[in-house]
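Heads up: the structure comes next, in structure tokens.
The values are calculated or read from the model by the stated rules, or taken from the named source; none is laboratory data. A quick note: this is a predicted structure, and the numbers were derived from the prediction, not measured. Please note: Cβ atoms are built from the backbone with ideal geometry, for glycine as well, and neighbour counts cover all protein chains shown. Ligands, DNA and RNA are excluded from the accessible area calculation, which covers all protein heavy atoms including side chains. Shrake-Rupley method; radii C 1.70, N 1.55, O 1.52, S 1.80 Å.
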Amino acid sequence: MAITIIDKPFTSTHNFAAGHNPCFLTVSGSNNTQTGYKHIYDIFINGTLEARIKKAPMPNGYGAIDIHRVVENYISHDIEYADTGFVHSTNMRAAVTVQIGEEYGTTQNLNVVSQQIRVWNASIPYRTFITFDTTTVLPNYNASARFLTTPTSFRQVRGSYAWLHMIQEATDDIAYLYVRTFNASGAGVGTYKLTNANNTVTGIINQFLRVPIGSGNIANNTITALTGTTPIIKDEVVKYDVSAYNSNDEQCSLTYTYTLLDAECLYTTYYLVFQNRYGGFDSVQFTKVSRETITTERQRFEKTDYTFPSGIFTQNIKNRGKTTFHVESKQSVQLNSDWLTDAEFEWLQELITSPMVYSIEDNALVPIEINTNTYEVRKSVNDGASQLVIDIEYAYQEYATR
């Protein structure tokens, strides 16, 4: 009796896997020539047995199972308007253990060999996934490691809320974020350390973190001014950049740059926050003209418009024959962005395809749905400067009194 794991997601020792991409385990068994032979895959998610799957080997004798179809039902997303400091994102990941056994005839052997995998809520683009290396999203393995987002530079309206999501594999991989601020002439204004109070990793705890980093919520962190003074975002600051450092004071991520723009004085600015392909949340602002629409649905009944009080036929001008008894309304808005770069048009495909989008309004994350189904990626060489126009709908209904 022997079962050997031949292949697993991302064969490095890190064992992190994107939950919405293929996530195959392949195995071989020394008894696979037995009549009726099947592999038994017991899938434990966060310590609980959630599925037992029995599969016969493929014609070549190897067993294979794609676990992401099971695990994707147990991961979701994490974002909160009032996040303070580095926050453990409990919903976007799962600790998965696959115990592999076998059965044939009257013989059944469970948990002959097992494999642990940490799965997070990501759907990595196909072309990237083909050659995906887990270390590219694990700070502390090299200074070119990424946070869980596509761009490395953002243009944001001053006062915007934004977050960075990240994977911290081991304790002190991300000890702090280092922030540099600059004025309009490019001179440095200040340097700061944002301390990671959740830098201790136990099992899967604190491996998936998010941190407020927009000009409107960066002050929610524990801040140490290395040069300059607080607050970090002063009137003279027009740009700042952020990178991760480990406990040895070594840079262990790419540097992310935020350029601050002034809000439009003519139009209402809409602040959208959306889940990106890597499971984190990005933010974008629509600063140009917006057009609001209210759509209503009515239900009515008809009745006679006369009565017989005291047996006398009576009509009254205010009596209704047709009566509305239910009114449901939905609010939608057409939004227009500022002029976008080619890179921003490429990135904002993720807004159109995102399953989770919010509008920041009244100090809260308000759920919305994107109703734009076709997205043309514009390029300046073909189209010149271009704007993005989208239609959003608030994800709730309003009801009239009755």
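Some points to look at:
- Hz values of 3J(HN,Hα) by residue in segment 318-333 - Karplus curve (6.51, -1.76, 1.60), Gly and Pro given as x: 8, 5, 9, x, 9, 10, 8, 10, 8, 10, 10, 10, 10, 9, 10, 9
- In this simple spin-label model, placing a label point 7 Å from the Cα along the Cα-to-Cβ direction at both residue 385 and residue 235 gives a separation of 2.7 nm.
- Top positive-direction residue, dipole computed over the chain with Cβ charges, set 116, 327, 247: 327
- Shape of segment 185-284 from the C-alpha gyration tensor: oblate (a/c of 1.5 or more and a/b not above b/c, with a ≥ b ≥ c the square roots of its eigenvalues).
- Solvent-accessible area of residue 58, all protein chains in place: 80 Å² (probe radius 1.4 Å, heavy atoms, ligands and nucleic acids excluded).
- Note on segment 1-96: Cα convex hull, mean projected area over all directions, 7.9 nm².
- Per residue solvent-accessible surface (Å²) - segment 299-402, probe of 1.4 Å: 66 Å²
- Ranked by the mean number of other Cβ atoms within 10 Å per residue, highest first, peptides 98-109, 189-200 order as 189-200, 98-109.
- For the listed peptides 129-138, 280-289, 147-156, 318-327, a ranking on the average number of other beta carbons within 10 Å per residue, highest first, reads 280-289, 147-156, 129-138, 318-327.
- Percent carbon-and-sulfur accessible area, the chain, ignoring ligands, DNA and RNA, probe 1.4 Å: 47 percent
- By the rule of a C-alpha distance below 26 Å, with chain neighbours fewer than 8 residues away ignored, the lysines paired with residue 234 are 193, 288.
- With an a/c value of 1.5 or above and a/b not larger than b/c for the gyration tensor axes a ≥ b ≥ c computed over the alpha-carbon atoms, the chain is described as oblate.
- Its relative contact order, with pairs defined as Cα atoms under 8 Å and 6+ residues apart, puts the chain at 13 percent.
- Per residue, the accessible area of segment 25-108 comes to 46 Å², computed with a 1.4 Å probe over protein heavy atoms only.
- Annotation: the antiparallel percentage among DSSP beta bridges lying fully within the chain is about 95.
- With a Förster radius of 22 Å applied to the beta-carbon distance between residue 52 and residue 109, the computed FRET efficiency rounds to 0.95.
- Mean residue ellipticity at 222 nm, helices only, the chain: -1000 deg cm²/dmol; runs of at least 4 DSSP H residues each add -39,500 (n - 2.57), and the sum is divided by the number of residues.
- Computed about its Cα centre, the charge dipole of the chain is approximately 800 debye, with only Lys, Arg, Asp and Glu carrying charge at their Cβ.
- Each part gets one Cα centre, and for segment 151-181 versus segment 317-396 those centres are 27 Å apart.
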